[in-house]
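Just below is one structure, and these are the notes that go with it.
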Amino acid sequence: MTKVGDWQVACQYFLGGEAVEATGQEKVEALGAYWTNAQFCCDLMGKEIKGRATSGYDPIKGKYVSTWQDSVTPFFYYFEGELDEEGRLVMEGQNYDPFSKAMTVYRSIETFAENERSLQLFIAPADTDPIQVLEYRYTRI
């Protein structure tokens, strides 16, 4: 399940139900044996989005942990999770949703193959079913 390397990213953002496509890049570097740092960049409808993620395994919690920050929101996102029976990394976090202006459960599902991976992100505003907000498909460069 190594993310380390350079990736081309096919992005889909689900804004109001309709998919908006974009292309991006991500560079993931190892920080010692325990952590990775990712630098993401894409152009979404003429607006550059830059993001940073740190991921690793917390042996005290017995869970994978991850953070996300980007250039379009002033929020710090935190996730914890585990590998499911299919080998997918399922992460959840109680984070601020700028659309509903409330704390919301964010859930990501990440799959891994040798030179490909994917990430789906869902939010679950209060009293609603989860809504998919994005999907990234990564291909190793």
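The values are calculated or read from the model by the stated rules, or taken from the named source; none is laboratory data. Since the structure is predicted, the reported quantities are computational estimates derived from the model, not experimental observations. In this analysis, Cβ positions are derived from the backbone assuming ideal geometry, glycine residues included, and neighbour counts consider all displayed protein chains.
Could you list, in sequence order, the residues of the range 27-70 that are within 21 Å of Asn95 (Cβ to Cβ) and among the hydrophobic types (A, V, I, L, M, F, W, C)? Once the filter is applied, which keeps residues that are within 21 Å of Asn95 (Cβ to Cβ) and among the hydrophobic types (A, V, I, L, M, F, W, C), the range 27-70 yields Trp35, Ala38, Phe40, Cys42, Leu44, Ile49, Ala53, Val65, Trp68. One residue stands out in the range 27-45 among those that are assigned to a strand (DSSP E or B) and among the small types (Gly, Ala, Ser): the one that is surrounded by the fewest Cβ atoms within 10 Å (Cβ to Cβ), namely Ala30. The residues on offer are Glu110, Glu26, Glu114, Glu86, and the sole one that is within 20 Å of Leu134 (Cα to Cα) and either among the small types (Gly, Ala, Ser) or out of contact with any Phe, Trp or Tyr (no Cβ under 8 Å at 6 or more places or on another chain) (or both) is Glu110.
Would you mind stating whether Asp129 is closer than 20 Å to Gly16 by Cα, free of Cβ contacts under 8 Å to residues at least 24 places away in the same chain and in a loop (DSSP other than H, G, I, E, B)? Yes.
Within the set Glu135, Glu92, Glu85, the sole residue that is in contact with a strand residue (DSSP E or B) (Cβ under 7 Å, 6 or more places away or on another chain) and more than 19 Å from Ala19 (Cβ to Cβ) turns out to be Glu92. From the list Gly62, Gly81, Gly51, exactly one residue is surrounded by 14 or more Cβ atoms within 10 Å (Cβ to Cβ), at pLDDT 95 or above and out of contact with any Lys or Arg (no Cβ under 8 Å at 6 or more places or on another chain). Which is it? None of the others qualify; the one that does is Gly51. Yes or no: the range 46-61 includes at least one residue that is more than 22 Å from Leu83 (Cβ to Cβ), part of a strand (DSSP E or B) and out of contact with any Phe, Trp or Tyr (no Cβ under 9 Å at 6 or more places or on another chain). Yes, that holds for at least one residue.
Within the range 55-86, the only residue that satisfies the criterion of being farther than 25 Å from Ala102 by Cβ and among the polar types (S, T, N, Q) is Ser55.
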